[in-house]
Amino acid sequence: AWYPCTMPDGKNEISLQIRAQKFTDAGMTMAKRALESKIESRGKQAMLGESSKIFGMGKETGFHKSCTDDYIELLKDQEILRTKYSATEVAPDSSSVVSTISSILRYAATNEREQHRLLNDADKVAKKFRVPEKMLWHTKVKAFSTTGQWKNMKALADSRTKPPIGFKPFARAAIMGRQPASEILRYIERVSVPEERFSLYGEACMWKKALDEAVKMKDERRIIDVKARCNNPEIQLAADQMLGRMA
């Protein structure tokens, strides 16, 4: 049988499409069957390999072929990683490169002995599948912060003078993760835009810092905002004094 299929009429339909030189339709039919079938990874890879061959027959289907080949490569890599770490939660079957990277990073929280290798493997996957740098950094911040890998998040932030995503996502993650004030400040103070620093101090309920930032900006609206939201008589009084001086 030229094209293994999980449905009795599958071979027929694909043969007709190929005879009519409808290579996009034939390749898509095969790929769809591979994705919808409940077979294990190797069977899926074989069916997608057939789909890639069909895409290879057409002149207009080069893009489809390269996407299918990338997906086969990803499935192979996922299988290798699961075997390497003897863990199903590392790189489960998925068509998403980002969720594959995320799963590797998240697993690093439960396997400290292999942590260095896991972080390296995540970077290798990102490089191989050309994941944009900003997307990779956002993925790392999210994976580290949601699994309590605060040391790894700090190391990531310190690895560049200017991270490609800035320090705001780091600050947000530390606030959401209820980290100590010193940790949150470590990131907020490195945010270069005053308006963003002000917002982050507000999110962290650091009203004294937020007031100082608003005063530095000579921004009455923001000072009034701190006064309304802080629920602290001392800071409210300070806000009134600052507004008085600016009047």
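The values are calculated or read from the model by the stated rules, or taken from the named source; none is laboratory data. Quick caveat, the model's predicted, so the values are computed rather than measured. Cβ placement follows ideal geometry from the backbone for every residue including glycine, while neighbour counts extend to all protein chains displayed. Surface areas here come from the heavy atoms of the whole protein model, side chains and all, with no ligands, DNA or RNA. Shrake-Rupley method; radii C 1.70, N 1.55, O 1.52, S 1.80 Å.
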Original post:
Is it the case that region 166-182 has a residue that's within 20 Å of residue 104 (Cβ to Cβ), part of a helix (DSSP H, G or I), modelled with pLDDT of 95 or more and in contact with a His (Cβ under 9 Å, 6 or more places away or on another chain)?
Top reply: yes
**OP:** Taking the options 218, 151, name whichever one is out of contact with any Asp or Glu (no Cβ under 6 Å at 6 or more places or on another chain), surrounded by fewer than 17 Cβ atoms within 10 Å (Cβ to Cβ) and either under 30 Å from residue 112 (Cβ atoms) or of a type in the set (Phe, Trp, Tyr) (or both).
**Re:** 151
**OP:** Take region 221-245 and flag every residue that is open to solvent by 60 Å² or more (accessible area, probe 1.4 Å), in a helix (DSSP H, G or I) and of a type outside the set (Lys, Arg).
**Re:** 224, 228, 233, 234, 237, 240, 241
**OP:** State yes or no: is residue 118 under 30 Å from residue 153 (Cα atoms), in contact with a helix residue (DSSP H, G or I) (Cβ under 8 Å, 6 or more places away or on another chain) and either touching a residue at least 24 places away in the same chain (Cβ under 8 Å) or open to solvent by 10 Å² or more (accessible area, probe 1.4 Å) (or both)?
**Re:** yes
Original post:
Within region 183-220, which residues are over 33 Å from the mean Cα position of the chain (by Cα), among the basic types (Lys, Arg) and part of a helix (DSSP H, G or I)?
Top reply: 208, 216
Original post:
Tell me, which helices (runs of 4 or more DSSP H) lie completely within region 19-110 with 2 or more residues that are under 23 Å from the mean Cα position of the chain (by Cα)?
Top reply: 62-84, 97-107
